[in-house]
Amino acid sequence: MNAKKYKGIIQKYSRFLPVNSKTPIITLNEGNTPLIYAGYLSRLVGKNSEVYLKYEGLNPTGSFKDRGMTLAISKACEQKATAVICASTGNTSASAAAYAARAGIKCIVLIPSGAIALGKLSQALIHGAKVLAIKGNFDDALNLVKEITKMFPITLVNSLNPYRIQGQKTASFEICDYLGNAPDFQIMPVGNAGNITAYWEGYKEYKTQGLSKRLPVMLGFQAAGAAPIVRGKPINNPETIATAIRIGNPASWKNALLARDESKGLIDLVSDKQILVAYRILAEKEGVFAEPASAASIAGLLKLIKKGYFQRYLTKQQKIRIVCILTGHGLKDPERAIKTIQPPKLMRADFKTIIKEIGY
Ligand code: AN7
């Protein structure tokens with residue numbers, strides 16, 4: 001085997017992960033996602049600033065969940081598990097279904113009926129998971145799977161499974177490796193709050209190991225209709241078009257507060273309208289298609305720019321680097337893209353009519 005060939009995050013970062021020579025590595029070569037310079041957004045922040053997009057939509061199943069799932073499924077196999085289960089707003093189920101298929105184990109997913117994006121549903125189904133649409137929301141589904149896994153020998157692969165967080169922290173390692181240091185700021189969506197927990201652990205670990213010199217300020221954004229952390233209490237009926245983060249009682253609530261406070265950051269909210277504006281700007285100005293929940297990062301960036309949040313850093317004449325995490329691919333939710341833009345104009349198949357319409 002050629003050691004230089006990329007074979008996923010477990011192989012690349014094994015010394016930071018709870019694996020040993022007996023761990024069977026179930027991988028789809030996840031990770032190693034691009035950090036894309038965003039010129040338009042950088043100019044909006046101001047001189048001396050660089051905005052980068054960590055495009056996690058380019059993972060094998062189209063979201064950051066694959067980083068955690070490769071480890072969670074590998075460890076489940078090491079422990080001879082035969083079945084895994086998760087509750088999901090969509091991406092976790094897509095990832096669990098794919099990695100379980102690869103491992104040859106059973107996968108059961110509970111999703112809120114009618115509230116997950118089409119691409120994600122198609123993934124869970126095509127990979128052969130047992131998909132159950134429950135009459136309830138994500139929080140109800142999570143409560144159910146917690147209860148089920150207490151009573152039956154089925155491994156929980158939601159981010160309550162610590163291996164999920166361990167795998168996901170590798171994204172912050174990649175950012176540090178690429179930039180040669182941690183960024184000054186990191187902006188990301190917050191739903192169940194596993195990912196902000198993972199990134200913060202990763203950044204702290206890299207600094208402790210002497211592999212980066214600083215820690216970023218962590219800036220998390222929830223959707224206004226599903227912002228329990230911002231409002232300081234669980235939300236019974238969370239609502240947002242960003243279905244991935246339609247979560248009213250995050251499992252890693254306390255760890256999200258820890259990341260916020262230790263990094264002197266913030267967790268704020270953005271409206272669905274702000275999310276959709278950001279969703280379009282990202283696609284039209286940067287050429288990057290991310291799902292609505294991921295656009296919450298950009299909506300957050302725009303909100304902070306408007307507030308003048310970065311001014312006090314910019315006036316110090318130092319370069320600032322901002323990394324926005326784009327957690328999932330835009331193709332996950334094609335219906336939202338089509339609903340957001342005017343449908344294509346129906347034209348007669350006639351040369352002259354078309355030329356006129358194009359404006360020549
Ligand atoms: C695209 O799939 O919770 O704060 O069940 O799919 O770690 O929950 C997805 C969450 C952000 C929020 N962006 O991350 C699930 C699920 C996208 C997501 C989040 C999710 P966490």
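Comparing Leu276, Leu41, Leu304, which has the greatest mean-square fluctuation in the GNM of the chain with Cα pairs linked when under 10 Å apart?
With Cα springs under 10 Å in the chain, the top fluctuation among Leu276, Leu41, Leu304 is at Leu304.
Provide the gained length on full extension for the span Lys345 to Asn237, in nm with one decimal, where the gain is 0.36 nm per separating residue minus the Cα-Cα distance. Walk me through the numbers on the way to the answer.
Numbers: separation 108, 0.36 × 108 = 38.88 nm, distance 3.77 nm.
Additional length available on full extension: 35.1 nm.
Output wanted: per-residue J couplings in Hz (rounded whole) for the stretch 292-307, from phi through Karplus 6.51 cos²θ - 1.76 cosθ + 1.60, θ = phi - 60°, x for Gly and Pro.
x, 4, 5, 5, 4, 4, 6, 4, x, 4, 4, 5, 5, 4, 4, 6
Given a cut-off of 29 Å, name the pairs among Lys22/Lys254; Lys5/Lys169; Lys273/Lys356; Lys7/Lys285 whose C-alpha atoms lie farther apart than that in the structure shown.
Lys22/Lys254; Lys273/Lys356; Lys7/Lys285
What 222 nm value per residue comes from the helices of the chain, counting each DSSP H run with n ≥ 4 as -39,500 (n - 2.57) and dividing by all residues, nearest 500 deg cm²/dmol? Could you put the intermediate results ahead of the total?
On the way: 16 runs with 156 residues, N = 360.
Calculated mean residue ellipticity at 222 nm is -12500 deg cm²/dmol.
Under a 5 Å amide H to amide H cut-off, with H placed in plane at 1.01 Å, what residues pair with Asn158 once short-range neighbours are removed?
Ala87
I want to verify the translational diffusion coefficient of the chain in µm²/s; compute it with Stokes-Einstein, Rh as the Kirkwood radius over Cα pairs, at 10 °C and 1.306 mPa s. Don't skip to the answer; put the middle values down first.
On the way: Rh = 20.8 Å.
Taking Rh from Cα pairs, D becomes 76 µm²/s.
Over what distance in Å are the Cα centres of the stretch 81-99 and the stretch 31-66 separated?
A separation of 26 Å, based on Cα centres.
In nanometres, what is the gap between the two model label sites at Leu58 and Leu258, each 7 Å from Cα along Cα-to-Cβ?
Result for the modelled spin labels: 3.2 nm.
How much net charge surrounds Glu335 when only the other residues with a Cβ under 14 Å from the Cβ of Glu335 are counted, with Lys and Arg +1 and Asp and Glu -1?
So the environment of Glu335 carries a net charge of +2.
Cα-Cα over 31 Å: which of Lys4/Lys54; Lys146/Lys307; Lys135/Lys345? Please list the in-between numbers first.
Numbers: Lys4/Lys54 23 Å; Lys146/Lys307 41 Å; Lys135/Lys345 38 Å.
Table pairs above 31 Å Cα-Cα are Lys146/Lys307; Lys135/Lys345.
Please report the spacing between the Cα centers of the stretch 230-296 and the stretch 148-220 in Å, no decimals.
16 Å
Given a cut-off of under 8 Å on Cα pairs at least six residues apart, what relative contact order in percent is computed for the stretch 1-126? Walk me through the numbers before you get to the answer.
Details: 174 pairs, mean separation 26.4, N = 126.
About 21 percent, as a whole number.
Fewest to most neighbouring Cβ within 10 Å: what's the order for Asp268, Asp261?
Ranking Asp268, Asp261 by Cβ neighbours within 10 Å, fewest first, gives Asp261, Asp268.
Antiparallel versus total DSSP beta bridges in the chain: what percent is that, nearest 5?
15 percent
Using a 10 Å cut-off around each Cβ, can you sort Thr149, Thr23, Thr208 from fewest to most neighbouring Cβ atoms?
Thr208, Thr23, Thr149
Can you give the % of DSSP beta bridges in the stretch 71-228 that are antiparallel, to the nearest 5?
5 percent
Determine the gain in length on full extension of the stretch Ile148-Ser14; use 0.36 nm per residue of separation and subtract their C-alpha separation, reporting nm with one decimal.
Contour length minus Cα-Cα distance gives 45.1 nm.
What ranking do Thr315, Thr170 get, fewest neighbouring Cβ atoms within 10 angstrom at the top?
Thr315, Thr170
What number, in percent, do you get for the relative contact order of the chain if the mean sequence gap of Cα pairs under 8 Å and at least 6 apart is divided by its residue count?
Relative contact order of the chain: 19 percent.
Which whole-percent values make up P(r) of the stretch 156-258 when all C-alpha to C-alpha distances are grouped in 5 Å steps starting at zero?
Cα pair-distance distribution for the stretch 156-258, in percent: 2, 14, 22, 21, 17, 13, 7, 3, 1.
Taken together, the values in this text are just the output of simple stated rules run on the coordinates, not laboratory data. Quick caveat, the model's predicted, so the values are computed rather than measured. Cβ: placed from backbone, ideal geometry, glycine included. Neighbour counts: every protein chain shown.
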